[in-house]
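This report concerns only the one structure given below.
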Amino acid sequence: MNTPQSKTTTNRSLLTVLFLGVLMGALDIAIIGPALPAIQTAFAVDERAAAQGVITIAAGVGQLVSGALIGAVAASQGGGTSGYTVSYLFVGVVAVGLIFLALGLQGKGEAVK
């Protein structure tokens, strides 16, 4: 019962759900972002604590999004072991790319000069 039309509908539905998830995340940041300075002032939070909180939130959102994307890629590749193999190979390639980008960052001593 997997007709080409039902597969197209499924792919379109998947893209719609992913798009709405990204849109909701962007709206969340748009709402919370401007409120952070007011929260920082109201609770007498220093800048370092605020930065650590933002990093923690960003890491949590990243884990949620990456988990959903890994599942979506695995399902699009037929699921099972082969689907997850493709998903995690993609994650590995992205991680290696991020490592090379991080190695190109300036050190603390270089940035102060």
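From the list Ala35, Ala44, Ala95, exactly one residue is surrounded by fewer than 12 Cβ atoms within 10 Å (Cβ to Cβ) and within 20 Å of the chain's Cα centre (by Cα). Which is it? Walk me through how you get there before you give the answer.
Details: Ala35 fails: within 20 Å of the chain's Cα centre (by Cα); Ala44 fails: within 20 Å of the chain's Cα centre (by Cα).
Going through Ala35, Ala44, Ala95 in turn, just one is surrounded by fewer than 12 Cβ atoms within 10 Å (Cβ to Cβ) and within 20 Å of the chain's Cα centre (by Cα): Ala95.
For the range 77-85, the condition holds for at least one residue, the condition being that it is assigned to a helix (DSSP H, G or I), modelled with pLDDT of 80 or more and touching a helix residue (DSSP H, G or I) at 6+ places or on another chain (Cβ under 7 Å). Taking residues in the range 91-105 that are touching a residue at least 24 places away in the same chain (Cβ under 8 Å) and at negative phi, and partners anywhere that are part of a helix (DSSP H, G or I) and among the small types (Gly, Ala, Ser), the pairs with Cβ atoms closer than 9 Å and at least 6 places apart or on different chains are Val91/Ser66.
Checked against (1) of a type outside the set (Phe, Trp, Tyr); (2) part of a helix (DSSP H, G or I); (3) loosely packed, with under 10 Cβ neighbours inside 10 Å, Gln52 passes all but a single condition, namely (3).
The values are calculated or read from the model by the stated rules, or taken from the named source; none is laboratory data. Because the structure is predicted, anything quoted here is derived from the model rather than measured. Neighbour counts are summed over all protein chains in view; Cβ atoms, including those assigned to glycine, are modelled from backbone coordinates with ideal geometry.
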